Amino acid sequence: MTQSERTKIVSKKTHDSHKAAWPVVMNGALVTVLILSLLFTAALLLAGSASAAERRTQRPAAVVKESSINDSNVRAILKRTDDQLKKNDFINTLDPSLKINNFAKDVLSSVEAVRACYEKAINDPATPQNEKEYLVLKLQRLEDVEKRYKDIYEASTFNLGYIYAKRGSPERGRKYLSEYIKIAPFSAKKDSQWMRAKTLLLELYGLEGEF
């Protein structure tokens, strides 16, 4: 066998081995592509789920929407409402302010009715002395409750006047601001809340600077 023939045989074997290996290479590349595709799809799904969860977590909460107000939460709700008003939120603050105002008004009305009964019993000669002493103690506690709820009622009344004025409801704004300057302690300081209420009320009347 000549050198030329041996070279041809070797070349043929090499060519045949390359042809045999080619399907294996192709199959391996295909598997690799499929794996990468699956990994990429899984990554997209995970990213989408994380993004959706983040959107749910970051969804802005409608502040102060308690279904009922009582003595245990009224001051906390009032404080949160005040904080929102400092940020010029005149939407989410209206409903809780109305609830606080109505609740405080009801408490004060009940306090007035109970006080009248206590005082009548204390002034009645037929009431035993020990009951009178007990009722006197109750009256002192009643005064504490009345003071607390007068403050809450004043604050919520001002807030409602302010909110309605800023929401473009002048009639309702005037109603609450007029009520506020009647019930709140007078203060001649320019930056006092009483003067702020009066100034805003005059603006709603179109009487700025008149009195």
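The values are calculated or read from the model by the stated rules, or taken from the named source; none is laboratory data. Since the model is a prediction, treat every value here as computed from it, not as a measurement. Note: ideal-geometry Cβ built from the backbone for every residue, glycine included; neighbour counts use all protein chains shown.
Checked against (1) of a type outside the set (A, V, I, L, M, F, W, C); (2) assigned by TED's automatic domain parsing to the domain that holds residue 81; (3) over 19 Å from residue 81 (Cβ atoms), residue 210 passes all but condition (2). Considering (1) surrounded by 12 or more Cβ atoms within 10 Å (Cβ to Cβ); (2) within 22 Å of residue 78 (Cα to Cα), the lone condition that residue 182 does not fulfil carries the number (1). Annotation note: of 149, 205, the sole residue that is closer than 23 Å to residue 82 by Cβ and among the aromatic types (Phe, Trp, Tyr) is 149. Annotation note: Cβ proximity below 8 Å between a residue of segment 87-103 that is acidic (Asp, Glu) and a residue that is assigned to a loop (DSSP other than H, G, I, E, B) (sequence gap 6+ or interchain) occurs for 89/63; 95/64; 95/65.
Determine which single condition residue 135 fails, assuming it passes every other condition in (1) of a type outside the set (Val, Ile, Thr); (2) under 27 Å from residue 88 (Cα atoms); (3) surrounded by 17 or more Cβ atoms within 10 Å (Cβ to Cβ). Among (1) of a type outside the set (Val, Ile, Thr); (2) under 27 Å from residue 88 (Cα atoms); (3) surrounded by 17 or more Cβ atoms within 10 Å (Cβ to Cβ), the lone unmet condition for residue 135 is (2). Close Cβ contacts (under 7 Å, 6 or more residues apart or on different chains) running from residues in segment 113-127 that are in a loop (DSSP other than H, G, I, E, B) to residues that are not aromatic (Phe, Trp, Tyr) comprise 127/121.
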